[in-house]
Amino acid sequence: MLLAIDISNTNIKFGLYLNDTMKHHWVVSTSRQRTTDEYAMVLNDLLQHAGHRFSDIHDLIFSSVVPPLTPVFQELALRYCHKEAFVISHQLDLGIAFHIDNPWEIGSDRIMTTLAAHQLYGGPALVIAFSTATTFDVISQEGNFLGGSIAPGLMISAEALSSAASRLFRVDLTPPQRALGKNTIENMQSGIIYGHVGLVQGLIKRLCAEIPGVTDQGEVRVIAHGGLAQLMAPLIPEIQYINQYLPLEGLRLAYNRLRRS
């Protein structure tokens, strides 16, 4: 079986694949302080709960945007699975050209969602990740990474608002019934959520207009993923697909390509 691991700033996602079918998936919170052994014990418990052991894992592949955890999971693969993990970077031959100034700056998670979006939905495409940051990845008709945009995520915006203004407080991230708030809670929910909707819609329009060969925004597949995608996507009609497993699917596709080569 293949274990795919997506290490992000907020969560770590595990996907256990048999051939090309995801059999199990898990999400744990990211902790930079955990050691190799601690993460191994967490993973061992998850595997046992699903009726598996480390010996069932024949290969591992992971992407990481948390540099301190990259060697931790490399060591985990070697010590507990007796395998050398595939580690995603811009230097691997994944059939993606990076039409950006500094390819080494791109996060490996964005490489994976670029690969998955093009393979699963075609191009041109725009991938929006609603996570710690809200990121926009622009993909050409041919599946190449053209660039994108990074904005503060919904949680960052909400926390900044409540911490910087002494008379404001934290509120539930629930869309109010109307944008015209009648109390402080509704005012904050409107500004945070519908303000973010406006940001996303504005960037979708601008980014699609700059994709070479695109004459109409409707030609671009818009895909959302991330922890807050289920909250935001229903409020943004431009989003056509939600796929919470997009990074893991990208890892699976990358593994298949790397194994063949």
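The values are calculated or read from the model by the stated rules, or taken from the named source; none is laboratory data. Source: prediction; values computed, not measured. Cβ sites come from the backbone with ideal geometry, for glycine too, and all protein chains shown count toward neighbours. Note: areas computed on protein heavy atoms with side chains; ligands, DNA, RNA excluded. Shrake-Rupley method; radii C 1.70, N 1.55, O 1.52, S 1.80 Å.
All of (1) open to solvent by 50 Å² or more (accessible area, probe 1.4 Å); (2) closer than 30 Å to Pro212 by Cα; (3) not acidic (Asp, Glu) hold for Ala97 with one exception: (1).
Among the criteria (1) crowded, with 16+ Cβ neighbours inside 10 Å; (2) within 19 Å of Pro247 (Cβ to Cβ), the one Gly122 does not fulfil is (1). Among the numbered criteria (1) in contact with a helix residue (DSSP H, G or I) (Cβ under 8 Å, 6 or more places away or on another chain); (2) part of a helix (DSSP H, G or I); (3) among the hydroxyl-bearing types (Ser, Thr, Tyr), which one does Tyr17 miss? Only one criterion is unmet by Tyr17, namely (2). For first residues located in the stretch 13-30 and without any contact (Cβ under 8 Å) to a residue 24 or more places away in the chain, partners that are of a type outside the set (D, E, K, R) and in a loop (DSSP other than H, G, I, E, B) and lie 6+ apart or on another chain with Cβ distances below 6 Å form the pairs Leu18/Met1.
Kindly check whether there is at least one residue in the stretch 75-87 that is of a type outside the set (A, V, I, L, M, F, W, C) and under 20 Å from the mean Cα position of the chain (by Cα). So far as the stretch 75-87 goes, no, none of its residues is of a type outside the set (A, V, I, L, M, F, W, C) and under 20 Å from the mean Cα position of the chain (by Cα). The single condition from (1) touching a residue at least 12 places away in the same chain (Cβ under 8 Å); (2) loosely packed, with under 14 Cβ neighbours inside 10 Å that Met41 fails is (1). Filtering Leu69, Leu60, Leu46 for residues that are at pLDDT 95 or above and either over 22 Å from the mean Cα position of the chain (by Cα) or not in a helix (DSSP H, G or I) (or both) leaves a single hit, Leu60.
Matching residues to (1) open to solvent by less than 50 Å² (accessible area, probe 1.4 Å); (2) charged (D, E, K, R):
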| residue | (1), (2) |
| --- | --- |
| Ala4 | yes, no |
| Lys13 | yes, yes |
| Tyr17 | yes, no |
| Asp20 | no, yes |
| His58 | no, no |
| Pro68 | no, no |
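The residues in the stretch 125-152 that are under 16 Å from Asp109 (Cα atoms), assigned to a loop (DSSP other than H, G, I, E, B) and not hydroxyl-bearing (Ser, Thr, Tyr) can be counted, and the count is 2. For the stretch 24-35, state whether one or more residues are under 22 Å from Gly143 (Cβ atoms) and either in contact with a Lys or Arg (Cβ under 8 Å, 6 or more places away or on another chain) or of a type outside the set (Lys, Arg) (or both). So far as the stretch 24-35 goes, no, none of its residues is under 22 Å from Gly143 (Cβ atoms) and either in contact with a Lys or Arg (Cβ under 8 Å, 6 or more places away or on another chain) or of a type outside the set (Lys, Arg) (or both). For the stretch 109-119, give me each residue that is modelled with pLDDT of 95 or more, surrounded by 24 or more Cβ atoms within 10 Å (Cβ to Cβ) and over 11 Å from Val138 (Cβ atoms). Matches in the stretch 109-119: Ile111, Met112, Thr113, Leu115, Ala116, His118. Checking the stated criteria, Ala77 turns out to be surrounded by 16 or more Cβ atoms within 10 Å (Cβ to Cβ), without any contact (Cβ under 8 Å) to a residue 24 or more places away in the chain and touching a strand residue (DSSP E or B) at 6+ places or on another chain (Cβ under 9 Å).
Are any of the residues in the stretch 84-106 more than 29 Å from Leu60 (Cβ to Cβ) and either outside the structural domain of Arg206 (by the TED database) or not in a helix (DSSP H, G or I) (or both)? Let's see the steps before the verdict.
Within the stretch 84-106, the subset more than 29 Å from Leu60 (Cβ to Cβ) is 99, 101.
Checking which are either outside the structural domain of Arg206 (by the TED database) or not in a helix (DSSP H, G or I) (or both) leaves us with 99, 101.
For the stretch 84-106, residues more than 29 Å from Leu60 (Cβ to Cβ) and either outside the structural domain of Arg206 (by the TED database) or not in a helix (DSSP H, G or I) (or both): present.
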